[in-house]
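What follows is a set of notes on a single structure, which appears directly below.
The values are calculated or read from the model by the stated rules, or taken from the named source; none is laboratory data. Every value quoted in this text rests on a predicted model; they were computed, and no experiment measured them. Cβ placement follows ideal geometry from the backbone for every residue including glycine, while neighbour counts extend to all protein chains displayed.
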Amino acid sequence: MTIPLEALIDGAVRTLTEAVLPDVTSRFARGQLFAVVDVLRNLRDRLEVKAALHEAEAASAAAALERAAAALGREAAAARIAGALAAAPAGPPAERAAALRAALVAALETIDVLPPEVGDPARAAITEHLAAQTMRDLALLKPSLLGEISKG
């Protein structure tokens, strides 16, 4: 589950202007900082997440919801999960992924009230998806610059 890029950029701009800028005393460094803020602000509304990322998340979520519903068999919860899956739009990819995220939340809420012996297999299917999605999200991260950051 990803954080919207706009929110990440807004947070970075806010941190740079509110926390970093007051401590930057060099005129040159302040100019560089303002240049970075300017680029981030202009870049914010031009970014588009690759459709393939949404498609991969949606496919995994749909498969998890199918497995969860199948694991519940004839339980009424299975029908609710299958209905949420069926209600998800076919596209565009970002809208489908968002709808399936909401369906996953609803499925977990539905499963949560079931006895563990009934709900655990369905919960496991969703947990597998969440673990795989976490790995997909982490795979997009660039190598850390913490070593360089700590040197100043």
Item to check | Number of the exception - Val24 against (1) modelled with pLDDT of 90 or more; (2) under 30 Å from Pro89 (Cβ atoms) | outcome: (2)
Checklist entry - Quick one: is Ile126 β-branched (Val, Ile, Thr), in contact (Cβ under 8 Å) with a residue 60 or more places away in the chain and at negative phi? => result yes
Checklist entry - Just for the range 96-152: of the residues that are in contact with a helix residue (DSSP H, G or I) (Cβ under 9 Å, 6 or more places away or on another chain) and among the hydroxyl-bearing types (Ser, Thr, Tyr), which one is surrounded by the fewest Cβ atoms within 10 Å (Cβ to Cβ)? => result Thr127
Checklist entry - So which of Ala71, Ala35 is surrounded by 14 or more Cβ atoms within 10 Å (Cβ to Cβ) and among the aliphatic types (A, V, I, L, M)? => result Ala71
Checklist outcome for this item: Flagged in the range 80-118 as in contact (Cβ under 8 Å) with a residue 40 or more places away in the chain and of a type outside the set (A, V, I, L, M, F, W, C), in numbering order, are Pro92, Pro93, Arg96, Arg101
Checklist entry - When you go through Ala78, Ala71 one by one, which is the residue that is touching a Pro at 6+ places or on another chain (Cβ under 7 Å) and either on the phi > 0 side of the Ramachandran plot or among the small types (Gly, Ala, Ser) (or both)? => result Ala71
